[in-house]
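Have a look at the structure below, then the notes.
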Amino acid sequence: MQTELLITGAGAAGIAAALSAWEAGCRDILLVDRREQPGGILPQCLHEGFGLASYGAELTGPDYTDRITERLAQTGVRLALGTEVLAVRGDKTAVLSDRSGLTELCFERLILAAGCRERSIGSLPVAGTRPAGIFTAGQAQEMMNLHGQDVGREVLILGSGDLGLIMARQLVLAGKHVIAVVEQAARHGGMARNYHRCIEAFRIPMIYRATVSALHGRSRLSGVTLRRLDSSAEEYIPCDTLVTALGLIPERELVRGLGDPDWLFLAGNCHRVHELVDSAVAEAEAIGARVGGELAV
Amino acid sequence: MRGFDVVVIGGGLLGCFTARNLCRRRLHIALLEAREDVCTGVSRANTAIVYPGYDHKPGTLKAEMTVRANARFAELCAELDVPFSRCGSLMLSCGEKADAVLREKYNNGLSMAVPGLRLLSGEETRELEPSLTKSVTSALYAPTAGTVNPWELGIAASENAAANGAELLFNTRVLGIRKTAEGYRIETDQEVFACRAVVNCAGLYADKVQEMLFPSAVRIVPDGADYLILDRAADNKPTHIIQYEPEDGGKGFNAVPTVEGSLLLGPSERDNELDFAVSEKGLASVRERAAFVLPGLDLGAVIRSFAAVRPNPRREDGGSIGSFVIENPAPGFWSMIGIKTPGLTCADELGRFAAEKAAAFLNAGPNKRFDPRRSGIKKARGMSWEQRAAAIRSDPDYGEVVCCCEDITKAEVLEAIRRGATTLDAVKRRTGACMGRCQGSRCQQKLLALLARELGVPEDAVTKDGAGSEVLGGGRHAD
């Protein structure tokens, strides 16, 4: 099997790249995603704030997804969902896996739009036990918004990036007690509007210059040790859930070791972490237009 | 009251291998495990090294067993379909005192006929492992050293024992043991068992189990140790097991390229604690040692830290015991108390040793139907593309990747559940899902849903590792 343009990741960036490559004249595009639905992480982002630049409105993640998938449906871009890209090789071939089998695919250009993964608490030198009840912010968001699952009752949030701030608000709205958002820096790490809308508006306590130094509880989390970074003072905070927003890591494992070949392009959050979907989309559109133009019929 | 010929207490590596080897005889066997799965205690966390055998005093049971076990290890792993990497080890010295220690170990090894040992100069060592510190003055190279995943080995032995007729009873905690005219009566929190012989493999609690009926001359004093795991993508990982023998006589440090492709660093040394809590100082000491021994290693690639507990055997006067202790306080009762390093290497040997004692006592003949072979879960990772395509044709679940970091498919997860996994950790240990760089943030939800569906329980009843560790709803009860 072959395609001129392979795009891995059907989130905001992948879809934007596909749309602009199509508009630039490329007529052989395959857009692949491991999820069963297009949109990447957008469908789990129930809050508003997407697409101000592209659509002049503050849309929710699902609404934004609807807009871009409607546009995608009007093109001839082929969408392969529930499909894992197992390997990308230097001879411009890729191996795809889905329930019908393996496919070896030859391509001319590859746009990697694989987004980010979240840094997990495992990377921090945290002492104590390793109990249940610790989730990354994106994981908690997916569990609550896509699967209707209840992550916990007494929640501490570690890390005040946008995802941490947004999840703090969502947990409060879900009736949970958010004890505080803990941040090691002297100010929050998110956008001003998220801080105002999520933290100030809901009067969620912020604890700056602090971190979680130990986890407690043999089976389920029963509490954490909070350490103040300036005084090294420690206190025990009972909680049954810890949500971590420790930062995003561009997901490029698929092309690790391939160097920087002239057929490979990175778009969106796997290139660099964007604060806004509009900015990731603008980057992906520019790449899509350029690559699509080169491949135009 | 159910009756068995032999009851094995404890489902760690030793219990699993004792049960497996008892199956070689015509015996009715039960293994009692307090937890929900095998290998959740001492066997869950350790350095994962299959030792060559030069460390121990020639002529001791420990030395003999280790050399023999190492020689048989590839065959054992082939029988049980468990990955084993005979990657060889380099024990490093960075000074005269440790040079002398290595020479002594080398001579020890020669007298034990440990194959292929060589003393290398610092230069020769760095030729083999260019990422090592330039401070290396000499190294003891042991080509027969290797690594195996400890719980994978234990699970394999338990599956093989069950396939050969042993009954594995989980969530069954021993509360008391009594002597009867026919043998022993074992009271648990589930039911009462009668048996003719007992093999006590209760790990950290082996002294306490023995003391339910007999005095024990050995006390277990547990100590903890911390480990770090580096992502397989980390730069400058060594290809051999690196063991650093510090000049100050302090605790050694290991870097082990695991069968999964990650790098295991540790252990740290720290105070006695009977829990699996990680120590911050311990982690810092592991990082410090790693940075010294392997200066180019990318310590930013740490994906997990964990703690292990080891059952140090001590005499009543507090003196430490270097040998394996296998007590036989009364006819038909054996206790393996405080078996630590190299317990993983010697698991099958020790199991065989105890099983043969019990079988001789019971005068049990050979079980001609014993089959030593077990098949592992077929892993998509590591298959050729042709094999993988064929696997998907026969089972479309092989086409669906559940854990994208470790490339684990839905077929593997479902098979793990079919084989008895009831918790997230049990699935993780059997498949490798959640062990990669995202530590389950992307796949744990899928595993949870599959467990709930396959076990026929609501999602909020699914646990990480047994009752009280429910993943949803904040947990059912506080600790």
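Given Cα positions, please report Rg to Rh for segment B:326-454, the hydrodynamic radius being the Kirkwood one. Ratio value, two decimals: 1.13.
Taking each residue of B:434-443 in turn, how many C-beta atoms of other protein chains fall within 10 Å of its C-beta, and what is the average?
6
Pairing chains A and B buries close to 3900 square angstrom of accessible surface in total, based on protein heavy atoms and a 1.4 angstrom probe. Heavy atoms of the protein chains alone define the surface here; on that basis segment B:321-479 has 39 Å² accessible area per residue at 1.4 Å probe size.
How high is the FRET efficiency between A:ARG27 and B:TRP385 when r is their beta carbon distance and R₀ equals 25 Å, given to the nearest 0.05?
Values: r = 29 Å, r/R0 = 1.16.
Step by step, r from the Cβ atoms, then E = 0.30.
Averaging Cα coordinates gives a centre for segment B:88-117 and one for segment B:141-172; these two points are 30 Å apart. Calculated accessible area for segment B:170-283 comes out at 39 Å² per residue, all protein chains present (probe 1.4 Å; ligands, DNA, RNA ignored).
What share of Cα pairs, in percent, lie more than 38 angstrom apart in chain B? That fraction is 25 percent. The share of accessible area on segment B:219-267 that comes from carbon and sulfur is 44 percent, using a 1.4 angstrom probe.
Principal axis analysis of the Cα atoms in segment A:141-255 yields extents of 39, 38, 31 Å, listed in decreasing size.
How about segment A:207-297: which GluC sites (Glu not before Pro) there lie in a loop by DSSP and see at most 11 other Cβ atoms within 10 Å?
Passing sites in segment A:207-297 do not exist.
So which GluC sites (Glu not before Pro) in segment B:256-307 pass both tests, a DSSP loop state and at most 16 other Cβ atoms within 10 Å of the Cβ? Please list the in-between numbers first.
On the way: sites: B:GLU260, B:GLU269, B:GLU273, B:GLU280, B:GLU288; in loops: B:GLU260, B:GLU269, B:GLU273.
Passing both the DSSP loop test and the Cβ count: B:GLU273.
The residue among A:ALA186, A:ALA113, A:THR136 whose Cα reaches farthest toward the positive pole of the charge dipole of segment A:87-202, with charges on the beta-carbon of Lys, Arg, Asp and Glu, is A:ALA186.
Accessible area of B:ASP223 (1.4 Å probe, protein heavy atoms only, ligands and nucleic acids ignored): about 20 Å². Using a Förster radius of 41 Å, what is the FRET efficiency between A:TYR236 and A:ARG99 based on their Cβ-Cβ separation? Nearest 0.05, please. For R0 = 41 Å, the calculated efficiency reads 0.25.
Could you check what % of the DSSP bridge pairs in the protein assembly as shown are antiparallel, to the nearest 5?
Antiparallel bridges: around 60 percent, rounded to the nearest 5.
Only protein heavy atoms count here; on that basis, with a 1.4 Å probe, B:SER131 has an accessible area of about 20 Å². The mean sequence separation of alpha-carbon pairs under 8 Å and at least six residues apart, normalised by the residue count of segment B:385-461, gives a relative contact order of 24 percent.
Normalising by residue count, the protein assembly as shown has a Cα convex hull of 167 Å³ per residue. Rolled with a 1.4 Å probe across the full set of protein chains, the surface gives A:HIS147 an accessible area near 80 Å². The Cα atoms of chain A define a convex hull whose projected area, averaged across directions, is 16.4 nm². Expressed as a whole percent, the accessible surface of segment B:54-156 that belongs to carbon and sulfur atoms is 51, based on a 1.4 Å probe.
Computed over segment B:33-166, the percent of Cα pairs more than 22 Å apart is 47.
Per-residue mean of foreign Cβ neighbours for A:115-123 is 6 (Cβ atoms of other chains, 10 Å radius). Rg ratio for segment A:1-143: its Cα radius of gyration over 2.2 N^0.38 Å, N being its residue count, equals 1.20. Peptide B:357-365 has a mean shielding of 0, counted as Cβ atoms of other protein chains within 10 Å of each residue's Cβ. Computed over protein heavy atoms with a 1.4 Å probe, the accessible surface of segment A:118-247 works out to 37 Å² per residue.
Here the accessible area of segment B:379-447 is 48 percent carbon and sulfur, with a 1.4 angstrom probe and all protein chains present. For the protein assembly as shown, a crude dipole built from +1 on the beta carbon of Lys and Arg and -1 on the beta carbon of Asp and Glu, taken about the Cα centre, is about 1800 debye to the nearest 20.
The values are calculated or read from the model by the stated rules, or taken from the named source; none is laboratory data. Small disclaimer: the values here were computed from a predicted structure and weren't measured. Glycine also receives a Cβ, built like all others from the backbone with ideal geometry; neighbour counts cover every protein chain displayed. All accessible areas refer to the heavy atoms of the entire protein, side chains included, with ligands and DNA or RNA removed. Shrake-Rupley method; radii C 1.70, N 1.55, O 1.52, S 1.80 Å.
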